[in-house]
1. For Val83, only one of the following conditions fails: (1) assigned to a helix (DSSP H, G or I); (2) modelled with pLDDT of 80 or more; (3) surrounded by 10 or more Cβ atoms within 10 Å (Cβ to Cβ). What is its number?
2. Among residues belonging to the range 88-117 that are more than 8 Å from the ligand (Cβ to nearest atom) and assigned to a strand (DSSP E or B), point out the one that is nearest to the chain's Cα centre (by Cα).
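The values are calculated or read from the model by the stated rules, or taken from the named source; none is laboratory data. Keep in mind that this is a model prediction, so the values were computed, not measured. Cβ coordinates were reconstructed from backbone atoms using ideal geometry, including for glycine residues, and neighbour counts include every protein chain displayed.
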Amino acid sequence: MANGILSRLYRAFKRFDQAVDILLGRSLPPGHLLAIDCNALSHVQPTIIPGRSLKDILNDAILWAVPKKRRTIEKRLNRRFGVPKYNWKPHVPKTNIIMCRKCGHDYEVNTLCGYCYEKVKLETKEFKE
Ligand SMILES: [Zn+2]
């Protein structure tokens with residue numbers, strides 16, 4: 001236990017000594033900070049397209065409209081379902097619903113009766129087995 005405390009103190013003093021050296025300019029920072037090759041950055045040439053300024057690029061780009069503020073859930077629901085104050089979207093009754101001749105359930109025109117379809121689906125499944 002005493003050995004562990006001593007090694008911790010040794011490491012702490014070592015780090016403090018390194019920090020003081022760095023602050024006074026006597027040594028370089030620890031190794032992992034030296035991993036960056038600063039010379040490589042000077043060789044990189046910026047890609048400049050001649051005759052294309054930032055203004056030209058922005059003129060060619062498509063800038064999408066972005067909302068500046070978030071709409072509250074109340075306003076979103078009002079816009080979606082309609083409120084007399086904003087935009088009135090009254091409920092319109094469906095007139096294209098007819099009754100199935102076989103089973104008596106209701107379904108939309110130009111679609112299959114849902115109940116009959118389920119019955120046929122079950123029969124087909126039984127045939128396959
Ligand atoms: Zn039916």
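1. Checking Val83 against (1) assigned to a helix (DSSP H, G or I); (2) modelled with pLDDT of 80 or more; (3) surrounded by 10 or more Cβ atoms within 10 Å (Cβ to Cβ), the one that fails is (1).
2. In this case the residue turns out to be Glu108.
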